[in-house]
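S.K.: I have a structure I would like to understand better, so I am pasting it below and will then ask my questions one at a time.
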Amino acid sequence: MAEKKDIGGMAKREKNRGEILVRIGKFADDLVDEIEKGDNPHIDIPVRGSSNVAFDEKNKKIVLGSKVAKRYLFNVSHARRFMQTMLVASYVKKDLLENNLTATLRDLYYAKKRTIHGTKEDTIDEQKESDLAIVDFEVALDTFREMLHLRAEPKGRMAGMMTIKDYVRERESLIDLSKLGSGGLAVPSIVEQIEFVDYDLDYVLVAEKNAIFDRLNEDEYWKKNKCLLLTTAGQAARGARRLLQRLSTELKLPIFCLTDADPYGWYIYSTMKYGSMALAHESERLGCKEMKFLGMSISDIEHYDLKAVTIKAKEVDIKRATEMKAYDWFKAKEWQKEIDKFLDKKIKAEIQSLSSKNLQYISNTYLPEKIKNQDFLP
């Protein structure tokens, strides 16, 4: 087993909490200064959208540009969003950080939803409004929502030869990921507090689908092949993406990705590796640029003779593939070749199609062979 790593943990969590409280204090002081000067109070918010997003080829990540919008209190079109951002700021500081508590996005929505006294105006109509205000606040503060002690519902599971410490306030839990049965451990929404204690791993295998995790977990693939097995259960949540980046950068573990052979599976891979346009402001902490695509590819359909168990591509699949072909982060010749094959043959395949060989074919043949031959896409 590897020696103990002093990574994450309560000390780091407390340091982060203190730094964010200082930032919020400065954020508030700047607004008070503008009010005392008789100026129109405003918040600088980086523009989020395709017009302010670019691909950083050198660092292999999708990044947010330098465009900044100013949101003013005394502006009819800005006032409501300004107020909602202030509600988020107040809740984060007073209810969460000062009490060292975390809350879900839904908790915040209900905590700050009310009718303004003397009016028929609600502070927040739908949760999507408070969610947008949270993003506004995190980018204005140049941080991320997990540092604000805000979390989404946990998504994804993991198992493997690794022991971690997880902290909840002053309580710590030592968790052996090899002794959690068929379900594995849920990947937390906030993973900054996780400390990697011991591990005996050669790589991390991240599977798009729960069903593949269950198959590999039942086969004890992670034990036989010394890997950490993780499923994202579809599009990877921020917690899973951040955890993968930490495993790559802090522990220097290779990361291999396994999805269906279709444009949506491939795009799920790309968001974990490069980031996404919607979360370009988070690419620095969520992108896992060393990740390799293990499968499935259209070439796999040919190589493993899966033509009889393919699925005809729909128009929406073809449209998605055509869009992806033009993305800068899919310009590698290997990916252009695979996308062209997909557009030519108009077929796709699920990972489970390997079960047509036999139930354990993925564990005993497909994955070991692909990894041994380093049959990856960049």
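S.K.: Looking at segment 20-32, is at least one residue surrounded by fewer than 17 Cβ atoms within 10 Å (Cβ to Cβ) and part of a loop (DSSP other than H, G, I, E, B)?
M.R.: No, segment 20-32 has no match at all.
S.K.: Could you please find all residues in segment 241-270 being in contact with a Leu (Cβ under 8 Å, 6 or more places away or on another chain) and either polar (S, T, N, Q) or in a helix (DSSP H, G or I) (or both)?
M.R.: Correct list: R241, R242, L243, L244, Q245, L247.
S.K.: Let me ask something else. All but one of (1) touching a Ser or Thr at 6+ places or on another chain (Cβ under 7 Å); (2) farther than 22 Å from V88 by Cβ hold for R151, so report the exception by its number.
M.R.: (2)
S.K.: Specify the residue that is nearest to L228 (Cα to Cα); the eligible residues are those in segment 298-324 that are open to solvent by 10 Å² or more (accessible area, probe 1.4 Å) and under 23 Å from the mean Cα position of the chain (by Cα).
M.R.: R320
S.K.: For segment 37-60, enumerate the residues that are outside any strand (DSSP E or B), at pLDDT 90 or above and on the phi < 0 side of the Ramachandran plot. Please lay out each step first, then the result.
M.R.: Here is the first cut: in segment 37-60, the residues outside any strand (DSSP E or B) are 37-41, 47-52, 57-60.
If we keep only those that are at pLDDT 90 or above as well, we get 37-41.
Within segment 37-60, K37, D39, N40, P41 qualify.
S.K.: Looking only at residues that are out of contact with any Phe, Trp or Tyr (no Cβ under 6 Å at 6 or more places or on another chain) and over 13 Å from K273 (Cβ atoms) in segment 227-239, which one is most open to solvent (accessible area, probe 1.4 Å)? Show your work before the answer.
M.R.: So in segment 227-239, the residues out of contact with any Phe, Trp or Tyr (no Cβ under 6 Å at 6 or more places or on another chain) come out as 228, 230, 232-239.
Next, only the ones that are over 13 Å from K273 (Cβ atoms) stay: 228, 230, 233-235, 237-239.
Details: L228: 2, L230: 0, A233: 34, G234: 20, Q235: 79, A237: 30, R238: 20, G239: 6 Å².
The residue in question is Q235.
S.K.: Determine if segment 37-54 includes at least one residue that is over 26 Å from the mean Cα position of the chain (by Cα) and either under 28 Å from Q193 (Cα atoms) or hydrophobic (A, V, I, L, M, F, W, C) (or both).
M.R.: Scanning segment 37-54 turns up at least one residue that is over 26 Å from the mean Cα position of the chain (by Cα) and either under 28 Å from Q193 (Cα atoms) or hydrophobic (A, V, I, L, M, F, W, C) (or both).
S.K.: Next question, about the same structure. Given the criterion of a type in the set (A, V, I, L, M, F, W, C) and touching a residue at least 60 places away in the same chain (Cβ under 8 Å), identify the matching residue among A313, A308, A349.
M.R.: Numbers: A313 fails: touching a residue at least 60 places away in the same chain (Cβ under 8 Å); A308 fails: touching a residue at least 60 places away in the same chain (Cβ under 8 Å).
Answer to the check: A349.
S.K.: Something else now. Restricting to segment 325-335, name every residue that is surrounded by 13 or more Cβ atoms within 10 Å (Cβ to Cβ) and among the charged types (D, E, K, R).
M.R.: K325, E334
S.K.: Based on this model, can you work out whether V168 counts as under 23 Å from the mean Cα position of the chain (by Cα) and touching a residue at least 40 places away in the same chain (Cβ under 8 Å)?
M.R.: Working: under 23 Å from the mean Cα position of the chain (by Cα): yes; touching a residue at least 40 places away in the same chain (Cβ under 8 Å): no.
Judged against the criteria, V168 is not a match.
S.K.: Right, here's the next one. Enumerate the pairs (first residue in segment 227-243 and closer than 16 Å to L258 by Cα; second residue anywhere and assigned to a strand (DSSP E or B) and not aliphatic (A, V, I, L, M)) with beta-carbon separation below 7 Å, excluding pairs fewer than 6 apart on the same chain, so at least 6 apart or on different chains.
M.R.: From residues that are closer than 16 Å to L258 by Cα, the pairs are C227/G160; C227/Y203; L228/G160; L229/G160; T231/R157.
S.K.: Okay, moving on. Please go through (1) more than 30 Å from L132 (Cα to Cα); (2) out of contact with any Asp or Glu (no Cβ under 7 Å at 6 or more places or on another chain); (3) surrounded by fewer than 19 Cβ atoms within 10 Å (Cβ to Cβ) for Q360 and return the number of the only condition it doesn't satisfy.
M.R.: (2)
S.K.: Looking at segment 60-87, I want the residues that are more than 14 Å from F27 (Cα to Cα) and in contact (Cβ under 8 Å) with a residue 40 or more places away in the chain and have a partner that is open to solvent by 40 Å² or more (accessible area, probe 1.4 Å) and among the small types (G, A, S) with Cβ atoms under 9 Å, at least 6 apart or on another chain. Which pairs are those?
M.R.: As it stands, the answer is I62/A54; V63/A54; L64/A54, since those pairs meet every condition given.
S.K.: With a cut-off of at least 3 residues that are surrounded by fewer than 20 Cβ atoms within 10 Å (Cβ to Cβ), name the strands (runs of 3 or more DSSP E) lying wholly within segment 104-210.
M.R.: Numbers: elements: 157-160, 162-168, 171-176, 195-199, 203-207.
Qualifying strands (runs of 3 or more DSSP E): 162-168, 171-176.
S.K.: Looking at F256, F342, which one is more than 16 Å from the chain's Cα centre (by Cα), touching a residue at least 60 places away in the same chain (Cβ under 8 Å) and more than 18 Å from I62 (Cβ to Cβ)? Full working, then the answer.
M.R.: Details: F256 fails: more than 16 Å from the chain's Cα centre (by Cα).
Answer to the check: F342.
S.K.: Pick from segment 61-88 the residues that are assigned to a helix (DSSP H, G or I) and out of contact with any helix residue (DSSP H, G or I) (no Cβ under 6 Å at 6 or more places or on another chain): which of them is least open to solvent (accessible area, probe 1.4 Å)? Spell out how you get there, then give the answer.
M.R.: Just the residues of segment 61-88 that are assigned to a helix (DSSP H, G or I), to begin with: 79-88.
Restricting the remaining residues to those that are out of contact with any helix residue (DSSP H, G or I) (no Cβ under 6 Å at 6 or more places or on another chain) gives 79-83, 86.
Values: A79: 34, R80: 63, R81: 72, F82: 11, M83: 49, M86: 54 Å².
This residue is F82.
The values are calculated or read from the model by the stated rules, or taken from the named source; none is laboratory data. Note that the structure is a prediction, hence the values are computed from the model and not measured. A quick note on method: Cβ atoms are made from the backbone with ideal geometry, for glycine too, and the neighbour counts reach across all protein chains shown. For accessibility, only protein heavy atoms count, side chains too; no ligands or nucleic acids. Shrake-Rupley method; radii C 1.70, N 1.55, O 1.52, S 1.80 Å.
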